[in-house]
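The values are calculated or read from the model by the stated rules, or taken from the named source; none is laboratory data. Note that the coordinates shown come from a computational prediction; the quantities given were computed from them, not determined experimentally. Cβ sites come from the backbone with ideal geometry, for glycine too, and all protein chains shown count toward neighbours.
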Amino acid sequence: MELARVFLCVLSVFVALVSERFVVLASFSQSLDSDFTFTLPAGRKECFYQTMKKDASLEIEYQVLDGAGLDVDFFISSPSGEVLFSDYRKSDGVHTVETEDGDYMFCFDNTFSAVSEKIIFFELILDNMDTDEDPDDWKEYVHGTDMLDMKLEDIMDTINSVKARLGKSVQIQTVLRAFEARDRNLQESNFDRHRRRTRFHPRVMGPDSAPGPAVPWRKVLWERQPFPDNYVDQRFLEELRRNEGLWQYRYWAVVKEAGFVGQQLSCVAIFITLWLYMEQGLLSPEMLLSTSLVCALLGYGLHQALTSQVESGCEPRTRLADLQSATIFLSFTFGFSPVLKTLTESVSTDTVYAMSAMMLLAHLVSFPYAQPSPPGSLSLNAALFASVCLASRLPGALHTFAMLSCALLVFALWPCLLQRLKENAPSQFTGVCVGMCIGGVAGLGSQSLGGAVLLALALGSVTLFCPLLLVRLQRHKDNIHGPWDEAEIHEDLSHFLH
């Protein structure tokens, strides 16, 4: 009995000692989390202050629970007055700050609202806010720890970990309650609004949630109506217009317009054919120059005759000025022919041919077919560059001069004459286009049968198949117009520009 009494006495002393030490441990782990809910009046700003220590952590999370827009301005500043974080018109936010010694200020601003007050919830979480006392002072009360399987330090770490997790759970539950309160207030507000509307408009909604005939729908913007925002009635499509101002194309009219593209392709083929003849010695430069001169004189006379019919009220360009321009061009071209002949001597022939092909393709792509008089600068420069490259591979300087003169006639002067012919003599224009296409195929066929076949296929596709495809696809065109179109100003504003 004496032994049992001594054992019970020792056990009671040990339990009292351990319980006292746990009380000391609890004193080190006091809660540093706090949350607040307050009302922020309209046009007001509320600020709060929190004293922090160095190397601590301040986390603030806020949520607007009620009020119009459910938004508020927020900012937090350091002890020196520097703004660390700022939110503009937000309903919630979370910010964490690594602190220094001093007072931190965080403010909620509702000055942008002149009518509605806001109910705001926020929570503060402070970490590493231990006091300056030695956290290991409790160890002096502990004796004989060698007899325990688990040290009191491990027990303290476990208790602190459990406390931190419980605190985090409390924080999450508090935030969820704030979200729930906001959603509940929003639902109650919507329900009250719907109840008041149905009280004053008992006949608005029909049995199938469709608007009844008591309140007609009006297409107005700034007027409250008992209809959804995306509602339209049966009159919405009364002003529907399909394919307004659509120009119906006719097949042969489109073929006639496409003839300009075909004849320009044939002009390129004719120019390449003439160059091949000169390179092979089948065409002399004197013959090409004389033929070009005759064609230029005939074309100039025809152009002058057609111009006098159209521009009778305008002051025409004098023949002397035209003669001066032609003389200057021919003189400079003839003088620089030896230079142009040796321009590409250091470049391989394959590279010259590749550059010429690319430039002729660029000429065809960039040519202004809608208004070819005068020809576009990009297309004309591309064609002349290709002409210079090809002319540099001819035998002599006279060949180069003849080739460049022919290029000027084909790529610069011929489109102007053809445009004038299209405007004043449409029937002759069609015949000239057909003749150019036949001449291009025949000339290229004398040098390469495969090239002639490819040219014929390209001409057929451009002038016959593509217009047919355009006319067939036009029937599927479906442009709709109605009250949803953007406003167009049709008033003549020219008198404001003078």
On the given criteria, is Val175 farther than 22 Å from Thr51 by Cβ, outside any loop (DSSP other than H, G, I, E, B) and modelled with pLDDT of 80 or more?
no
Filter segment 416-435 down to the residues that are touching a Leu at 6+ places or on another chain (Cβ under 9 Å) and either surrounded by 17 or more Cβ atoms within 10 Å (Cβ to Cβ) or hydrophobic (A, V, I, L, M, F, W, C) (or both), then identify the one that is farthest from Phe332 (Cα to Cα).
Ala425
Please work out if Leu390 is within 27 Å of Tyr277 (Cα to Cα), surrounded by fewer than 18 Cβ atoms within 10 Å (Cβ to Cβ) and in contact (Cβ under 8 Å) with a residue 40 or more places away in the chain.
no
The number of residues in segment 220-246 that are surrounded by 11 or more Cβ atoms within 10 Å (Cβ to Cβ), touching a residue at least 12 places away in the same chain (Cβ under 8 Å) and part of a loop (DSSP other than H, G, I, E, B) is 8
Could you go through segment 310-326 and let me know if any residue there is modelled with pLDDT of 90 or more and small (Gly, Ala, Ser).
no
Of the criteria (1) at pLDDT 90 or above; (2) under 42 Å from the mean Cα position of the chain (by Cα); (3) aliphatic (A, V, I, L, M), which one Ile480 fails
(1)
Among the listed residues Val453, Val441, which satisfies the condition of being among the β-branched types (Val, Ile, Thr) and either in contact with a His (Cβ under 7 Å, 6 or more places away or on another chain) or touching a residue at least 24 places away in the same chain (Cβ under 8 Å) (or both)?
Val441
Restricting to segment 53-98, give me the number of residues that are of a type outside the set (Asp, Glu) and part of a strand (DSSP E or B).
24
Condition first: under 28 Å from Ala114 (Cβ atoms), out of contact with any Phe, Trp or Tyr (no Cβ under 6 Å at 6 or more places or on another chain) and among the hydroxyl-bearing types (Ser, Thr, Tyr). Can you find one or more residues in segment 53-63 that meet it?
no
So Ala114 passes all but one of these: (1) at pLDDT below 90; (2) touching a strand residue (DSSP E or B) at 6+ places or on another chain (Cβ under 9 Å); (3) within 29 Å of Asn185 (Cα to Cα). Which condition number does it fail?
(2)
Give me the pairs, please: first residue somewhere in segment 335-357 and in contact (Cβ under 8 Å) with a residue 12 or more places away in the chain and of a type in the set (Lys, Arg), second residue anywhere and crowded, with 17+ Cβ neighbours inside 10 Å and not in a helix (DSSP H, G or I), beta-carbon distance under 9 Å, and either six or more positions apart or on two chains.
Lys341/Ser392; Lys341/Leu394
Restricting segment 78-106 to residues that are over 23 Å from Thr39 (Cβ atoms) and polar (S, T, N, Q), the residue that is surrounded by the most Cβ atoms within 10 Å (Cβ to Cβ)
Thr99
Residue hits (segment 261-299; within 20 Å of Gly376 (Cα to Cα) and hydroxyl-bearing (Ser, Thr, Tyr)) are Ser266
Among the residues of segment 432-484, the number that are more than 14 Å from Ser266 (Cα to Cα), of a type outside the set (A, V, I, L, M) and out of contact with any strand residue (DSSP E or B) (no Cβ under 9 Å at 6 or more places or on another chain) is 14
On the basis of being touching a residue at least 40 places away in the same chain (Cβ under 8 Å), over 14 Å from Glu123 (Cα atoms) and in contact with a Gly (Cβ under 8 Å, 6 or more places away or on another chain), does Thr99 make the cut?
no
Taking Leu470, is it modelled with pLDDT of 85 or more, outside any loop (DSSP other than H, G, I, E, B) and buried (at least 16 other Cβ atoms within 10 Å of the Cβ)?
no
Is it the case that some residue within segment 396-404 is surrounded by 18 or more Cβ atoms within 10 Å (Cβ to Cβ), farther than 22 Å from Tyr277 by Cβ and small (Gly, Ala, Ser)?
no
Going by what's in this entry, would Val255 be described as at pLDDT 85 or above, part of a helix (DSSP H, G or I) and within 41 Å of the chain's Cα centre (by Cα)?
yes
Does Phe465 satisfy being among the aromatic types (Phe, Trp, Tyr) and either within 30 Å of Arg241 (Cβ to Cβ) or loosely packed, with under 14 Cβ neighbours inside 10 Å (or both)?
yes
Restricting to segment 395-437, count the residues that are out of contact with any Lys or Arg (no Cβ under 8 Å at 6 or more places or on another chain) and either free of Cβ contacts under 8 Å to residues at least 40 places away in the same chain or outside any helix (DSSP H, G or I) (or both).
7
